[in-house]
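The structure appears below as structure tokens.
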Amino acid sequence: MKKRIKRKFKEKINKRIKKKLKINKSKIKKSIILSLSRGIPKEIIKIIFLYLSKNEQSNLKKISKRFYNLFCKTIVHSLYFKESLKVKKFNFNSLILKYNQRNIKKIIFRGNITIEEIEIILKYFTQIETINLQYCNRTLKEKHFLEIFKFGNNLKKINISDCENITNNGIKYLKLLTNLQYLSISYCYKITDIGISYLKLLTNLQHFNIRGCYTITDNGIENLKLLTKLQYLDIRYCNISDNGLYYLKSLTSLQHLEFSNCYKITDIGISYLQSLTNLKYLNISRCGDITDNGIEYLKLLTNLQHLNITGCLNISDIGIEYLQSLTTLQHINISHCHNITDIGLKYLQLLTNLQHLDISDCYNIGDNGISYLKLLTNLQHLNISKCKKITDNVIKYLKLLTNLQHLNIGYYNMVTDNGIEYLKLLINSQCLDVDCFSNIIGCNH
């Protein structure tokens, strides 16, 4: 009898202990999740919700009011269909009854969803403004486009990036969507100049991405000159030359322009950008024929905030001097520009709004060049990796950049163990995030 009583007593105690442990574990998990979520932007949390199961979503939204509000907004304003196996489990009748009365604005399709399923959804959710069909290249055919877009009177945003089966015949149905404001067909490499010609009537278009469509030439770009409301244009890796940029002269509303890796573009092409005075973001990286003369044409772009000239090997200190008048610049990337020296950094002193500077692999820049950066008190991100002439002395100049948050000092330089010790102190005093040598405590590598 005594043994039985002892066993029962032990069992009761164990049960109580387990209950307390479970409560403590849940509290610990909750506190960890809350502490992690405080620094995460809303947009990232919304994306995380989309990848969670229903049970995981319901559990997560109970943790805090912030999660609950974000969860409701994500579900109300967007429907997310994942892999084909999960799509087939959906009962479309119950789905329509559940969401039909809500103000659904956005649908994201993923995986091998069928055209029948797309048609049913678009037929009942008539207020849809955004459709994302990215990567739906296995089942999405050209003949399906007409069926999809005949319900798209309210469509304002379409993303069909990476749909490799789409050709000019599929694109032509987009010309019916006169309210379209956002279109991304990046890496649809079967689309040619003929396909782009169908889009010239989309005069309300503000955002256009044809990155990676390497069969598009100057003739295709000519069709864009009527799209005067364009604010964002990405033509990276397209087969265009100076003539292509000439057709962009009339797009005076442009704020964001990228044409990196367009090897045929020269200084003449850059001269055509002078009329685009509203530009805030310009990426001309790896256009190897652009020289200092081309950079001089940028002086009139007084609203420019972000400039990327990575890998433009013919740009030297003279080209950097022309940037002095662009006092609104906040982000400059001149990495892999081997002709830029310490003198070039001297010309950046007047750009006091600069927050991000990348001079990595500019191997002719040394300590003297870094010393000129001391006036850039708003600088938050600095990349000086592969600057071979940098020594221990560079640390004392970095101390003066009190707002610096991230430093990449990299490798292939002349920093010794003494410099490493100074850098450790800098990390501790300024809470600096540093990418550098693997033997420095606190450095990421």
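The values are calculated or read from the model by the stated rules, or taken from the named source; none is laboratory data. What you see is a predicted model, and the numbers here were worked out from it, not measured in a lab. Heads up, the Cβs are rebuilt from the backbone with ideal geometry, glycines too, and the neighbour counts pull from every protein chain shown.
Here are a few things to note about the model shown:
- Residue count for the stretch 240-269 under the criterion of being of a type outside the set (Gly, Ala, Ser) and in a loop (DSSP other than H, G, I, E, B): the result is 13.
- Ser335 satisfies every condition listed in (1) under 24 Å from Leu300 (Cβ atoms); (2) modelled with pLDDT of 95 or more except (1).
- Residue within the stretch 247-265 that is touching a strand residue (DSSP E or B) at 6+ places or on another chain (Cβ under 9 Å) and within 20 Å of Gln324 (Cβ to Cβ) present: no
- Members of the stretch 195-220 that are closer than 21 Å to Lys264 by Cα and surrounded by fewer than 23 Cβ atoms within 10 Å (Cβ to Cβ): Asn209, Arg211, Gly212, Tyr214, Thr215, Thr217, Asp218, Asn219
- Residue check, Gln405 at pLDDT 80 or above and closer than 25 Å to Asn353 by Cα: yes
- Look at the stretch 372-389: where a residue is assigned by TED's automatic domain parsing to the domain that holds Asp435 and a partner is in a strand (DSSP E or B), sitting 6+ places away or on another chain with Cβ atoms under 6 Å, you get His381/His356; His381/His406; Leu382/Leu357; Leu382/Leu407; Asn383/Asp358; Asn383/Asn408; Ser385/Asn408; Lys389/Gly366.
- Any hit, the stretch 313-329, residues being crowded, with 18+ Cβ neighbours inside 10 Å, β-branched (Val, Ile, Thr), in contact with a Leu (Cβ under 8 Å, 6 or more places away or on another chain) and at pLDDT 95 or above: yes
- Entirely in the stretch 271-362, the strands (runs of 3 or more DSSP E) that have 3 or more residues that are polar (S, T, N, Q): none
- Single residue of the stretch 153-175 satisfying the filter (of a type outside the set (Val, Ile, Thr) and either closer than 8 Å to Cys188 by Cα or out of contact with any Phe, Trp or Tyr (no Cβ under 9 Å at 6 or more places or on another chain) (or both)) that is modelled with the highest pLDDT: Ser161
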